[in-house]
Amino acid sequence: MALAGTLKDFSLADIFQLISLQKKTGYLTLRSDQDVVTVTFLEGTVVGAESLNKRIEDRLGHVLVKTARISKEELAKALEVQKQTLQRLGYILVAENFIDPESLRTALAIQMQQTIFRLFRWKDGDYNFEARDSVEYDREYVTPMSAESILMEGIRMLDEWPLIEKKIPTFDKVFEKISLPAPPILDTRVDLSPGGLDGLLGEQPPGSVAQEQSGPAEGTAVQLRLSQEEMAVYQHVNGVFTVQEIIDRSGLNEFETCKSLFELLNRQIIRPILPVQEEAFPAPRRFFLAPAALENLAMPLFWAWIGLSVLLLPFHPLDHLPWADRSAQRDRMVLDTRLKLQRVCQSVREYELRTGHLPANLSVLVQEENLPPRNLVDAYRFPLIYQATGNGYTLAARGPSGELLQDLMFSSAETTE
């Protein structure tokens, strides 16, 4: 069967459907300006998906460490064995009892879904299907996925993704939890999550704040109910992790994670942390002087400024213009904060080496590592932000207006394959 062309002429859904209906075995290769992806089919079912420009977020070891299924030390040992034996990483992880077979199958399925669902968002590209009598794939740990189920999820994703992108345009956005009367609980009832996008159509989603608060008697604490996917995402929203980091840690694919974030936003359970330029500041008050008053004040003020510059500062007065001074002051504040963050990171490493685990909070370092309390606040007197997870930590600082500074964010080193 010869099947080749462009995605403008023949959609990805049509290609998958044709291969599935004819129960073909072979390799479907799709090329665009950004990537080359090969999808492996076995009798019409999907058994593999590989990206040429595979991102670190899609690598098996990265997914397993981020979802706390294995530790960084276990991954490092497995990668060392892989270099010596050239065996599949998944096989080594199971053989070394670092992970059980079912968890490995789940992680591999997430990898496949992540790669394939990204294809549905391609606007252009070429495709070529090469039929084979047999194909190579990890038969022991890969469960074939029906093309029909992938198509249904892919089409649903295409319908809902434009709505999601309006609130989550990039994976660099950061969200924080909104304070609630009572923490949300896992909903063990029938899953009602498909209504999550109805809020944009004028309907209140099931389990929304407005509906759930109207049910209990007055004065009773309200507990919102979250689906399993929403809870998996909600527990990683902390005002520090980006959307990409939440995807890595939630154990869900990109679409499921972003859809859950969208629903949490719609239900007003979380909110975005806006950069400084997007925050609303009150307009500065302006004072006006009559022209005559300006003429009387201009020269005295000018000579007073020159005199103070010469008397108080040993440099040329032009080096101390107000805007230059503010810029230099900010640079000093950022440098001071960066040095404090580095000292705290060093104390965290020393504590981890001594105890075998990360500190629960930074106050522990003051008590046990002789870290001065002044190092726990940045140059603007804001407390440093520290978040410990099962496989690392994140340390960050805020700017003069309390905004989170992306260039002043430290985290434990990521493990790569």
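The values are calculated or read from the model by the stated rules, or taken from the named source; none is laboratory data. Owing to the predicted nature of the structure, the values given are computational and were not obtained by experimental measurement. Ideal geometry is used to build each Cβ from the backbone, glycine not excepted, and the neighbour counts take in all protein chains shown.
Here's the yes/no breakdown for (1) outside the structural domain of L7 (by TED's automatic domain parsing); (2) loosely packed, with under 13 Cβ neighbours inside 10 Å; (3) in contact with a helix residue (DSSP H, G or I) (Cβ under 6 Å, 6 or more places away or on another chain):
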site	(1), (2), (3)
L79	no, no, no
Q84	no, yes, no
F98	no, no, yes
E102	no, yes, no
T106	no, no, no
M112	no, no, no
T115	no, no, no
D124	no, yes, no
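Tallying residues that are in a helix (DSSP H, G or I) and more than 15 Å from L12 (Cβ to Cβ) within the stretch 119-145 yields 0. Residue-level check: of (1) surrounded by fewer than 19 Cβ atoms within 10 Å (Cβ to Cβ); (2) in contact (Cβ under 8 Å) with a residue 12 or more places away in the chain, F175 misses just (1). Hey, any hits in the stretch 62-80 for a residue that's under 23 Å from I247 (Cβ atoms), of a type in the set (V, I, T) and in contact with a Ser or Thr (Cβ under 8 Å, 6 or more places away or on another chain)? The answer is yes; a qualifying residue exists.
Which ones in the stretch 19-40 are more than 13 Å from N128 (Cα to Cα) and over 27 Å from the mean Cα position of the chain (by Cα)? Full working, then the answer.
First, the residues of the stretch 19-40 that are more than 13 Å from N128 (Cα to Cα): 20-25, 33-35.
Those that are more than 13 Å from N128 (Cα to Cα) and over 27 Å from the mean Cα position of the chain (by Cα): S20, L21, Q22, K23, K24, T25.
If you check Y141, Y91, which single one turns out to be in contact with an Asp or Glu (Cβ under 9 Å, 6 or more places away or on another chain) and in contact (Cβ under 8 Å) with a residue 40 or more places away in the chain?
Numbers: Y141 fails: in contact with an Asp or Glu (Cβ under 9 Å, 6 or more places away or on another chain).
It is Y91.
Residues that are at pLDDT below 70: find the strands (runs of 3 or more DSSP E) completely inside the stretch 326-416 holding 3 or more of those.
Values: elements: 385-389, 392-398, 404-411.
Those strands (runs of 3 or more DSSP E) span 404-411.
Could you look through the stretch 55-97, keep only residues that are part of a helix (DSSP H, G or I) and touching a Lys or Arg at 6+ places or on another chain (Cβ under 7 Å), and pick out the one that is farthest from N253 (Cα to Cα)?
Here is the first cut: in the stretch 55-97, the residues part of a helix (DSSP H, G or I) are 56-58, 60-66, 72-85, 89-95.
Then keep just the ones that are touching a Lys or Arg at 6+ places or on another chain (Cβ under 7 Å); that gives 65-66.
Working: V65: 15, K66: 13 Å.
Taking the candidates together, the pick is V65.
Of all residues in the stretch 146-172, those being touching a Ser or Thr at 6+ places or on another chain (Cβ under 7 Å), in a loop (DSSP other than H, G, I, E, B) and surrounded by 14 or more Cβ atoms within 10 Å (Cβ to Cβ) number 1.
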